[in-house]
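Contents: one structure, followed by commentary.
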Amino acid sequence: MNPSRYRNHRSPWTLHELAFVEKHYGSMATAAIAQRLGRTPASVRAAAHSMGCSSGNKTYAPWSEEEKEIVRTHYAKGSAQVMALLPGRTPEAVKLKACDTGIRYLGSESVGQKIWSEAE
């Protein structure tokens, strides 16, 4: 990344810029917003996050108890089944949530990690 490429790199955000992010985040590509404002895509995401804007991408959305239960119940059987039950979640997000709860695929060969069976 070349900071000089972004005309507003590290300068304070204006109310106009924040309003633009709030209006367009989630309906316009983050890179396009960044280019329009002369900001980095990472700074646009950070500003949107701090304002509570949602991109519509459930990857970063809080997990509901129902979603967590789906992961606990079905992940050990294989991610394809879980993915069908969790539309909008990415495979990476599901894998991270499964790891957070200590669940691994049947047949996982991770050293030192418990392998869950269907009975567990």
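On inspection, Pro12 fails the criterion of being under 17 Å from the mean Cα position of the chain (by Cα) and assigned to a loop (DSSP other than H, G, I, E, B). Give me a count of the residues in region 64-97 that are assigned to a helix (DSSP H, G or I), within 26 Å of Gly26 (Cα to Cα) and of a type in the set (Lys, Arg). So the count comes out to 3. Would it be correct to say that Gly38 is modelled with pLDDT under 80, out of contact with any Cys (no Cβ under 7 Å at 6 or more places or on another chain) and on the phi > 0 side of the Ramachandran plot? No: the conditions fail for Gly38. All of Arg104, Arg89 fail the test of being out of contact with any Pro (no Cβ under 9 Å at 6 or more places or on another chain), at pLDDT below 80 and over 30 Å from Ala48 (Cβ atoms), apart from Arg104.
The values are calculated or read from the model by the stated rules, or taken from the named source; none is laboratory data. Model, not experiment: these values are computed from the prediction. All Cβ positions, glycine included, derive from the backbone under ideal geometry; neighbour counts span all protein chains shown.
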